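Here is the structure we will look at.
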Amino acid sequence: MTEILKADPDSIARAASLLLEGKLVAFGTETVYGLGALATSNAAVAHIFAAKNRPRFNPLISHFASAKAAFDHVEANELASRLAEAFWPGPLTMILPRKSGSTICDLATAGLPTIAVRVPRGKTALALLQAVGQPVAAPSANPSGRVSPSDAFHVLRNMHGRIDAILDSGPCSVGLESTVIDLSREVPFLLRPGGITLEKLEAICGTIRNPDDYATKLPSSPGMLASHYAPGLPVRLSAESVDEHEALLAFGPTLPGAGLVYNLSERGDLEEAASRLFAGLRFLDGEGQRRGLKTIAAMAVPRQGLGLAIMDRLRRAASPRPMAGGDDDDLESMIG
């Protein structure tokens, strides 16, 4: 059952408690209702992808109660500070380089060196984020591919029984997703038009590349390029046997003979496997290279539920690398 909570102090405290326990709570912002989970927990974020039946592990926007809290996790330049002063709280998401001390989990960022951050507008949303005291990842609270919800009824109709609670703060005032701007490069890129217009951004930023540049001038993105998320060691898919020169990314019962093993889930649980995927690839790549291993052999994962998303990432990790000099960032890879 999905708990329906009113926008009062006791219910906000209840919603915050659920989030801190690793549960899923939908809450309204000025844009749309977001499906919130603790952004510092791989397991909690894995619940988002399972509930949405999301076929890929795209990066998610992390939400904060203040610009200061957001900038504790990213390298904020002068332009980011000016935009925050002008538009936060509000419907603007900024992509910035991750700080080394950030506690936001790999699954929320899809393993990228950048983080999407936002301070939403709305008394209830800000009170909830303040009560949680940690970043909250929150894509739109709808099944993947469906229309984004702008009130609690929309969420309940599509997500009842899949999530733990809905914090009902009424209809969203904007009803359109946040504008997303990438500030991690020399020239800002508008990755998604939204509640803050391009003209308003240009008044502060000056020149901004727009989405048409992606179609006409720029290469595709990490989320679109087949080879994104590739570790240093080559990856071999659907391994049914393994030898001493290989590191094994296991799922369920482990194959014998590997020089190094990381099991995504010994009990064959897809949510657990999703929550451990990026950590497992990093471990096998780093430790495997240190030990002189030649390959990462990845066992097959069932092609159902989160298994599709896991296999999508593994296929990308196993694909040939692009030629040097390409830029492989785009909208899908940067935010969710």
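Throughout, read-outs are computed from the coordinates displayed, never taken from laboratory work. Please read all numbers here as calculations on a predicted model, not as lab measurements. Note that we place each Cβ from the backbone using ideal geometry, even for glycine, and neighbour counts take in every protein chain shown.
Between the helical axis of 9-20 and the longest alpha-carbon principal axis of the chain there is an angle of about 10 degrees. In plain terms, the chain from ASN77 to GLU186 could stretch by 38.1 nm, reckoned as 0.36 nm per residue minus the Cα-Cα distance.
Candidate cross-link partners of LYS23 among the lysines, defined by an alpha-carbon separation under 28 Å and a same-chain spacing of 8 or more, comprise LYS6, LYS52, LYS68, LYS99, LYS123. Maximal additional length on extending the ARG146-THR103 stretch stands at 12.4 nm, based on 0.36 nm per residue less the C-alpha distance. Along the axis of the charge dipole computed for the chain (Cβ charges of +1 for Lys and Arg, -1 for Asp and Glu, origin at the Cα centre), the listed residues HIS73, GLY292, GLY161 are led at the positive end by GLY161. Dipole magnitude for the range 235-318: computed about the Cα centre from +1 point charges on Lys and Arg Cβ and -1 point charges on Asp and Glu Cβ, it is near 300 debye.
Amide H contacts of VAL74: LYS99, each under 5 Å away and 5 or more positions distant or on a separate chain (H built 1.01 Å from N in the peptide plane; Pro and chain starts excluded). Estimated from helical segments only, the mean residue ellipticity of the chain at 222 nm is -9500 deg cm²/dmol, where each DSSP H run of four or more residues counts as -39500 (n - 2.57). Karplus-derived 3J(HN,Hα) values for the range 157-169, using 6.51 cos²θ - 1.76 cosθ + 1.60 with θ = phi - 60°, are 4, 9, 10, 4, x, 8, 10, 7, 7, 10, 9, 8, 10 Hz; glycine and proline are entered as x.
Bridges between two residues of the chain, per DSSP, are antiparallel at a rate of about 40%. Kirkwood-type hydrodynamic radius, the range 1-149: 15.2 Å, calculated from all non-identical alpha-carbon pairs. A Cα-only calculation for the chain places Rg and Dmax at 20.1, 61 Å. Each Cα pair of the range 235-318 feeds into the Kirkwood radius, which the Stokes-Einstein equation turns, at 4 °C and 1.567 mPa s, into a diffusion coefficient of 105 µm²/s. The simple spin-label model puts a point 7 Å past each Cα toward its Cβ; for ALA203 and ALA86 those points are separated by 0.7 nm.
Put a plus charge on the Cβ of each Lys and Arg, a minus charge on the Cβ of each Asp and Glu, and nothing anywhere else: the dipole of the chain about its Cα centre is then about 220 debye. The relative contact order of the chain comes to 22 percent, based on Cα pairs under 8 Å that sit 6 or more residues apart. Ordering TYR33, TYR262 by the number of other Cβ atoms within 10 Å of each residue's own Cβ, fewest first, gives TYR262, TYR33. 3J(HN,Hα) couplings calculated from phi for the range 54-69 with the Karplus curve 6.51 cos²θ - 1.76 cosθ + 1.60 (θ = phi - 60°) are, in sequence order, 7, x, 9, 8, 6, x, 10, 7, 9, 9, 9, 7, 7, 4, 4, 5 Hz; Gly and Pro show x.
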